[in-house]
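Notes follow the structure.
The values are calculated or read from the model by the stated rules, or taken from the named source; none is laboratory data. Computed from a predicted structure; not experimentally measured. All Cβ positions, glycine included, derive from the backbone under ideal geometry; neighbour counts span all protein chains shown.
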Amino acid sequence: MTEDPPAERSADRSADRSADAPPVDQPADRPADPESFVTENLDRYASTQGVLPERLESIGETYREQGCLSREQLYDIAYESSTRSAYHVRNNPEERCREVTRNVLTVEGDFSKIQLIAGLRGFKAPTASCVLAALDGDRHAVVDTRVWASLERLGYLDGRKESFDAADYVAMIEPIRALAAETGYRPVTVGYALFAYDAHMREGTLH
């Protein structure tokens, strides 16, 4: 029995590895089936401590009907995001809360919208993202440490972060929208799945 020359065997093994490898433009850690990835992690979301989607949907409906949000309605959103710091929202003047949330409807650009909301006490970028996600889940998502960590783990972002500003929101929402377009899910839903994915994958606590 004849044996293949070493060079040919090496080429064969390289071809086998290439057949199993992801496309060159797709990092190896990105999900091979994004739709299944989102679906699987959505099933896990109910067991996390993330915001309640139904609650945000309800507040968003009120927001669209009123054209603004009251201080107490903003407090309800902040409480969903962080029970510990929500009390800061009540230090905002009532009229300022209505003015800011009214202006958000007319301001263009993700950065500007987040920056405007973050001008209110109790609203850093992650909490501000809850307001946008409530208002328009077809364009926006709730983001935080877990969502960033998932996007970093999947190769969409570089480096871990524990605090976020408006620019970081823009950095996160772009791949979230890309995943939404690829899977048919809304961006707000993809955000929930990314949150659940990190809760599932990460060992220990966030801090």
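Residues checked against (1) crowded, with 22+ Cβ neighbours inside 10 Å; (2) β-branched (Val, Ile, Thr):
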residue	(1), (2)
ALA141	yes, no
ASP144	yes, no
TRP148	yes, no
ARG160	no, no
TYR169	yes, no
ALA180	yes, no
THR183	no, yes
ARG186	no, no
PHE195	yes, no
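Do the conditions hold for ALA171, that is, is it touching a residue at least 12 places away in the same chain (Cβ under 8 Å), within 22 Å of GLU80 (Cα to Cα) and assigned to a helix (DSSP H, G or I)? When the stated conditions are applied, ALA171 does not pass them.
Highlighted here are the helices (runs of 4 or more DSSP H) found entirely within region 97-167 that include at least 1 residues which are more than 12 Å from the chain's Cα centre (by Cα) and of a type in the set (Phe, Trp, Tyr): 110-117.
Identify, please: which residue in region 119-173 is in contact with a Lys or Arg (Cβ under 6 Å, 6 or more places away or on another chain) and among the small types (Gly, Ala, Ser) and is, among those, farthest from ARG98 (Cα to Cα)? For region 119-173, the residue satisfying everything is GLY155.
For region 46-66, filtered to residues that are touching an Asp or Glu at 6+ places or on another chain (Cβ under 7 Å) and assigned to a loop (DSSP other than H, G, I, E, B), the residue that is surrounded by the most Cβ atoms within 10 Å (Cβ to Cβ) is VAL51. Quickly run through region 179-197 and pick out the residues that are assigned to a helix (DSSP H, G or I) and either of a type in the set (Gly, Ala, Ser) or modelled with pLDDT under 95 (or both). Matches in region 179-197: ALA180, ALA181, GLY191, ALA193, ALA196. Pairs are defined by a Cβ separation below 7 Å, a sequence spacing of at least 6 or placement on different chains, a first member in region 196-207 that is among the hydroxyl-bearing types (Ser, Thr, Tyr), and a second member that is at pLDDT 50 or above; the pairs so defined are TYR197/ASN41; TYR197/SER150. Here the condition is being buried (at least 23 other Cβ atoms within 10 Å of the Cβ) and over 16 Å from VAL170 (Cα atoms); of ALA86, ALA134, ALA128, it holds for ALA134 alone.
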